[in-house]
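Just below is one structure, and these are the notes that go with it.
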Amino acid sequence: MLDGRYALGTNAGHLSADQTLHLFKGQDEAEKQFQVLKSPLAVRPVFLHTDQRIEGLVFATLVALLVRALLSVQCQRAGVKVSVDRVLAEFTPWSVVDLTLMDGSQVCQVAAPAEFQAEVMMRLGVPACERYLTTLTR
């Protein structure tokens, strides 16, 4: 008779029992994003000669996974109906050129986004590229 019951405590009094349970069960989404850390990972060998470099590589990998998870959540909230892997693949060829000239002036140019890139940026609330196409002087 008690199978399937949860005893949950929350300080969010505005949530119903069903909403609380739904949010609680949704917490494992973050765990699923990091499941790659809990199983063997097929990568090319990397030879790091110090513990500090190993720690640095692990830290950079964790930051990359966190950014990927946050992008996934933001895309879901914004109604982007494709996977985060596709979003990342579509943005891979996009480029930015930031030049500092001999006179100290700085020029930043962003490539025009493709249609898919522009739609994703619009849904995520990223400012238009024209904002970044200005010449900055020091």
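Each reported figure results from applying straightforward, stated rules to the coordinates on display, with no laboratory input. In this text, all values refer to a predicted model and were calculated from it rather than measured experimentally. Backbone-built Cβ (ideal geometry, glycine too); neighbour counts: all protein chains shown.
What to note about this one:
- Each residue of segment 66-71 was assigned a 3J(HN,Hα) from its phi angle through the Karplus expression (A = 6.51, B = -1.76, C = 1.60, θ = phi - 60°), giving 5, 4, 4, 5, 5, 5 Hz with x at Gly and Pro.
- Taking a point 7 Å out from the Cα of V126 in the direction of its Cβ, the residues of segment 74-100 whose backbone N falls within less than 18 Å of it are 74-98.
- For segment 82-87, putting each phi into the Karplus relation 6.51 cos²θ - 1.76 cosθ + 1.60 with θ = phi - 60° gives couplings of 10, 6, 5, 5, 5, 4 Hz, in residue order, rounded to whole numbers and with x for Gly and Pro.
- Going by neighbour counts of Cβ atoms within 10 Å, the residues M121, M102 line up, fewest first, as M102, M121.
- Between A111 and E55, the contour length at 0.36 nm per residue exceeds the alpha carbon distance by 16.7 nm.
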